[in-house]
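Trainee: Can you keep this structure in mind? I'll have questions shortly.
The values are calculated or read from the model by the stated rules, or taken from the named source; none is laboratory data. Computed from a predicted structure; not experimentally measured. Ideal geometry is used to build each Cβ from the backbone, glycine not excepted, and the neighbour counts take in all protein chains shown. Side chains are part of the model used for accessible areas, which takes the heavy atoms of the whole protein and leaves out ligands, DNA and RNA. Shrake-Rupley method; radii C 1.70, N 1.55, O 1.52, S 1.80 Å.
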Amino acid sequence: MGKKGGLEPLGIVPGELEFLPGLLLKWYRAGHRQLPWRLDPTPYHVWVSEIMLQQTRVEAVLGYYQRFLQALPTVQALANATEDQLFKLWEGLGYYSRARNLHRAAQVICRQYQGQLPADYDALLALPGIGSYTAGAIASIAFGQAVPAVDGNVLRVITRLTACEANISQAAVRCGVQALLSQVIDPGAPGEFNQALMELGALVCRPNGAPLCQSCPLASHCRAYGQGSQLAFPVRDAAKARTVVQRSVFLLRCEKQVALHRRPSKGLLAGLWELPGTDGWLSAEAAQKFLQQEWNLPVRWIRAGGASRHIFTHREWQMHSYLADCAQPVGEGLEWFSWDQLQTQCCLPSAFSGFLGELQNFLQ
């Protein structure tokens, strides 16, 4: 359809969106959400907020953001944090690779930039975990640089506005939208411009359900609205079928301690603590045999517990549990913790949250 990085993949005429800054900024300035990172848009705060907001709702991020900055108020503090401390602060947010990349990037910033985020789009882009959207957001909001920040909200707004039938799953199309917005971004208020587009996509031109077109400041210019085809945009690849994995999970008790297992350093939930388990639903007899063979655990008794499920992006765990009382806190690869330690020191991913009430009762 055209060359990568230009407007050709979009089928949009240059200059078509010249009206955008005026209408968008007027709407945004008339009233927008008062979010903490907007009230204090220092580079570190903007960076942390943007990483947390990736694939996560604003409402879910607010409490995490405040706790994170209280514990790690500077880039240096983040760089010096242990991985377990960082994961505990991140516990429940999911996509833990984001936290790991924050940590790695903070260490690079301390080594190369004296603990200050670089005020340069390309330098930001070179940091671990920072892609074109995040680099654009930090550069525009924190440093006032006229660089677009193109996320899913922005792609939805622009493709509906222009009735663009190009597939947003293609890198060339995303680059095209970025090139298009580079032509119209307000150089005097680039951070507000980018946040206004994101705000419009989040609250009005919504990702789930019908858009609130009657409240949209751009409705009179929107081709999809004029055609009544809003829900046909954006065009994207069909979602991949989710893989279903059946797992047996073990709630292992010795006196007042529970056993946790550290997951492998690569793959799903890499390096995090988990309730010990294995793929497949085991019978009680097979479960006890597994515990003896895998960890050489002296099991006094074992019985079936509750069930839970957790949905990852492309995978679903369907879990059945077993409660086992052990004579000794042993087992290669297992570590034993009290309930208080589990609450304060160990990051247990939300995949296992459905078993926490049962586990607490088991330890009493």
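Trainee: Can you pull out every residue in the range 264-285 that is over 18 Å from Gln318 (Cα atoms) and either open to solvent by less than 40 Å² (accessible area, probe 1.4 Å) or aliphatic (A, V, I, L, M) (or both)? Steps first, please.
Mentor: Initially, the range 264-285 is screened for residues over 18 Å from Gln318 (Cα atoms), giving 264-267, 270-273, 285.
Selection gives Ala270, Gly271, Leu272, Trp273.
Trainee: Of all residues in the range 200-222, which are in a helix (DSSP H, G or I), touching a helix residue (DSSP H, G or I) at 6+ places or on another chain (Cβ under 6 Å) and touching a residue at least 12 places away in the same chain (Cβ under 8 Å)?
Mentor: Filtering the range 200-222 down to residues in a helix (DSSP H, G or I) leaves 200-203, 213-215, 219-221.
Within this subset, residues satisfying the condition of being touching a helix residue (DSSP H, G or I) at 6+ places or on another chain (Cβ under 6 Å) are 200-202, 213, 219.
Passing the criteria: Leu200, Gly201, Ala202, Cys213.
Trainee: Would you confirm whether any residue within the range 335-356 is more than 22 Å from Ser97 (Cα to Cα), open to solvent by 50 Å² or more (accessible area, probe 1.4 Å), among the hydroxyl-bearing types (Ser, Thr, Tyr) and at pLDDT 95 or above?
Mentor: no
Trainee: Kindly provide the set of residues from the range 235-266 that are assigned to a strand (DSSP E or B), more than 23 Å from Leu323 (Cα to Cα) and of a type in the set (S, T, N, Q), ordered by number. It would help to see each step written out before you state the result.
Mentor: So in the range 235-266, the residues assigned to a strand (DSSP E or B) come out as 235, 243-254, 257-262.
Narrowing further to those that are more than 23 Å from Leu323 (Cα to Cα): 235, 243-244.
Of everything in the range 235-266, just one residue is assigned to a strand (DSSP E or B), more than 23 Å from Leu323 (Cα to Cα) and of a type in the set (S, T, N, Q), namely Thr243.
Trainee: Being modelled with pLDDT under 95, open to solvent by less than 20 Å² (accessible area, probe 1.4 Å) and among the small types (Gly, Ala, Ser) narrows it down to one residue among Ala149, Ala166; which is it? First the steps, then the outcome.
Mentor: Details: Ala149 fails: modelled with pLDDT under 95.
Within the list Ala149, Ala166, the selection yields Ala166.
Trainee: Using beta carbons and a limit of 8 Å, which pairs, at least six apart or on different chains, have the first residue in the range 37-52 and over 17 Å from Ser97 (Cβ atoms) and the second one open to solvent by 10 Å² or more (accessible area, probe 1.4 Å) and not in a helix (DSSP H, G or I)?
Mentor: Every condition considered, the pairs that remain are Arg38/His32; Pro43/Gln116; Pro43/Leu117; Pro43/Ala119; Tyr44/Thr74; Tyr44/Leu117; Ser49/Leu35.
Trainee: Could you figure out which of (1) of a type outside the set (S, T, N, Q); (2) in a strand (DSSP E or B); (3) open to solvent by 40 Å² or more (accessible area, probe 1.4 Å) isn't true of Glu332?
Mentor: Result: Glu332 fails condition (2) only.
Trainee: Out of the range 112-122, which residues are open to solvent by 20 Å² or more (accessible area, probe 1.4 Å) and either under 16 Å from Tyr44 (Cα atoms) or at pLDDT below 95 (or both)? Can you show your working first?
Mentor: Of the residues in the range 112-122, the ones open to solvent by 20 Å² or more (accessible area, probe 1.4 Å) are 112-114, 116, 119-122.
Within the range 112-122, Gln112, Tyr113, Gln114, Gln116, Ala119, Asp120, Tyr121 qualify.
Trainee: Let me ask another. What do you reckon, is Leu89 in contact with a Lys or Arg (Cβ under 7 Å, 6 or more places away or on another chain), open to solvent by less than 50 Å² (accessible area, probe 1.4 Å), over 15 Å from Val177 (Cβ atoms) and free of Cβ contacts under 8 Å to residues at least 40 places away in the same chain? Please lay out each step first, then the result.
Mentor: Values: in contact with a Lys or Arg (Cβ under 7 Å, 6 or more places away or on another chain): yes; open to solvent by less than 50 Å² (accessible area, probe 1.4 Å): yes; over 15 Å from Val177 (Cβ atoms): yes; free of Cβ contacts under 8 Å to residues at least 40 places away in the same chain: yes.
So Leu89 passes the test.
Trainee: What helices (runs of 4 or more DSSP H), lying completely within the range 41-157, carry at least 1 residues that are touching a Phe, Trp or Tyr at 6+ places or on another chain (Cβ under 6 Å)?
Mentor: Working: elements: 43-53, 58-71, 75-80, 83-90, 97-113, 121-125, 132-143.
The qualifying helices (runs of 4 or more DSSP H) are 43-53, 75-80, 83-90, 97-113, 132-143.
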